[in-house]
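Only one structure is covered here, and it is reproduced in the block below.
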Amino acid sequence: MTSPRTTGRTPATRSLATRLAALATGALTAVALFTAAAPAAHAADAPLRDLAAAKGKVIGTAVTGSRLTGTYGDIAGTQFSSLTPGNAMKWGSVEPTQGTFNWSEADQIVAFARAHGQQVRGHTLVWHSQNPSWLTNGTWTAAQLSTLLQNHITTEVSRYRGQVASWDVVNEPFNEDGTYRSDLWYDNLGPSYIAQALTWARAADPDAKLYINDYNVEGVGAKSDALYNLVKSLKAQGVPIDGVGLQAHLILGQVPATLQQNIQRFADLGVDVSVTELDVRMQLPATAAKLTQQAADYKAVFAACVAVSRCAGVTVWGFTDSDSWIPDVFSGYGAATPYDENYAPKPAYGAIAEALGGGGTTTPPTGACTASYEVVSAWNNGFTGQVRISCSGAALSSWKATWTYGAGQRITQAWNAACTQSGTAVSCANAGYNGTVPDGGSVTFGFNASWSGSNPVPVVTLG
Ligand code: XIL
């Protein structure tokens, strides 16, 4: 699948092209120029996860395990406080053949989250879709199906006990009119499969928050009424239910007016509410006007969550347009996430920051200051690196460049900047004499560092 590029911002485009060129050389000592694809207004913001934490909220993203390196990994690890495996924990992924399990991608995502101090949202245990064919094609009695489901839930939840903060236990149980969806579970087990699934999940991990998750339940309506009544009756029966997930796969300009009211009424039942799969799709091509509307839509959703104390947070269903399910499923639609395909933040990014109390911007900045990192020379256990900060259409009066060393590198000495390293986090601030970077100008600083094994080039963030 190829989707049209959504914005044409030069720094980001250069970043990807240069990055590919650098990868192609494959040589450690080659000059690897990575441009931080961050317009100045973005770079100056605190990471979204810090802004969210200050509001007592979680901000999450769905991720694809195989992509958690390079720029994708850097953004996923620094901007978000929660990860949801987009597909890796679904039944069809973890048990493609009956009795043969494949946990590799799910394990990888859980390990990445742990390394980055993030929560994991487990997704999903009981669903009508993405089940293994041995399950859907089999002939089962109700008792057999119930046992299969119990074993599945027990196996998966136990495996990640203590490592998954919240589970989308039951996904998409309702039709649009609020009746139960006819599927493998409802048709064979009746509505009690929901209470049973929750009970089995609680037994396998008593500390995980257990959710029911659905789409088109963001505003008040027949479907969300059905979910509301279900949660109310589960609570009354003492069934373990901790939260409601509103997927929020929204269409441009169509954030339901009753979103906050709906979140509040669920909260008033005594459960948490999370927005679990937010994206805002538009008909392609994206235009500046559509991206501005999209920013307003993202802002409205985050603001609604911020306004209700029991709203635990918002997860976006992919943070970059290059990792979104929309173009595959909704023909002609796309550009649904907060970063474009080249990892440049879109107006929606600034709008999220604003809704979380940061100083974001909803219009793309006209100029940018960027940082590029290069390994100038390397020897058996050390290397010399240089960072160049360049401005075009913008200027700086002071700067701080930060990055993460993921492979054990340690700064030993720096010049033309004051560098500190705490664990993997490196922070270099301007010296007294080189804080000013004029429009059209640049400054550089250098450092020596130790390394062993590998020396991946980090993405530098300017602040
Ligand atoms: C989607 C994934 O993003 C796609 O990669 C996959 O092909 C289909 O499923 N509601 C859900 C998610 O609960 O699991 C779905 O994820 C999107 C709709």
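The values are calculated or read from the model by the stated rules, or taken from the named source; none is laboratory data. Model, not experiment: these values are computed from the prediction. Neighbour counts are summed over all protein chains in view; Cβ atoms, including those assigned to glycine, are modelled from backbone coordinates with ideal geometry. Note: accessible area is taken over every heavy atom of the protein model, side chains too, but ligands, DNA and RNA are not part of it. Shrake-Rupley method; radii C 1.70, N 1.55, O 1.52, S 1.80 Å.
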- Look at Thr287 and say whether it is within 16 Å of the ligand (Cβ to nearest atom) and modelled with pLDDT of 95 or more. no
- Go through Ala46, Ala76 for me and flag whichever is more than 30 Å from Leu149 (Cα to Cα) and within 16 Å of the ligand (Cβ to nearest atom). Ala76
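Which residues, counting only those in the stretch 117-148, are within 16 Å of the ligand (Cβ to nearest atom), in a strand (DSSP E or B) and either open to solvent by 40 Å² or more (accessible area, probe 1.4 Å) or aliphatic (A, V, I, L, M) (or both)?
Val120, Leu125, Val126
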- Item | Thr179 hydroxyl-bearing (Ser, Thr, Tyr) and within 16 Å of the ligand (Cβ to nearest atom) | no
- Residue hits (the stretch 303-322; under 16 Å from Ala257 (Cα atoms) and either surrounded by fewer than 24 Cβ atoms within 10 Å (Cβ to Cβ) or under 14 Å from the mean Cα position of the chain (by Cα) (or both)) are Ala303, Val306, Ala307, Val308
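The rows are residues; the columns are (1) part of a strand (DSSP E or B); (2) touching a Pro at 6+ places or on another chain (Cβ under 7 Å); (3) open to solvent by 30 Å² or more (accessible area, probe 1.4 Å).
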| position | (1), (2), (3) |
| --- | --- |
| Arg49 | no, no, yes |
| Ala53 | no, no, yes |
| Tyr72 | no, no, no |
| Ile109 | no, yes, no |
- Query: If you go through the stretch 401-434 one residue at a time, how many are over 19 Å from His116 (Cα atoms) and surrounded by fewer than 18 Cβ atoms within 10 Å (Cβ to Cβ)?
  - Reply: 12
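Would you check if Asn455 is part of a loop (DSSP other than H, G, I, E, B) and modelled with pLDDT of 95 or more? Walk me through it before giving the result.
On the way: part of a loop (DSSP other than H, G, I, E, B): yes; modelled with pLDDT of 95 or more: no.
No, not satisfied.
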- Task: Determine if the stretch 332-340 includes at least one residue that is away from the ligand (no atom under 16 Å from the Cβ), buried (at least 20 other Cβ atoms within 10 Å of the Cβ) and closer than 21 Å to Leu210 by Cα.
- Result: no
- Boolean, Thr97 is outside the structural domain of Asn455 (by TED's automatic domain parsing) and either more than 17 Å from the chain's Cα centre (by Cα) or surrounded by fewer than 19 Cβ atoms within 10 Å (Cβ to Cβ) (or both): yes
- Task: List the strands (runs of 3 or more DSSP E) that sit entirely inside the stretch 160-274 and contain at least 1 residues that are touching a Gly at 6+ places or on another chain (Cβ under 8 Å) and buried (at least 18 other Cβ atoms within 10 Å of the Cβ).
- Result: 166-171, 209-214
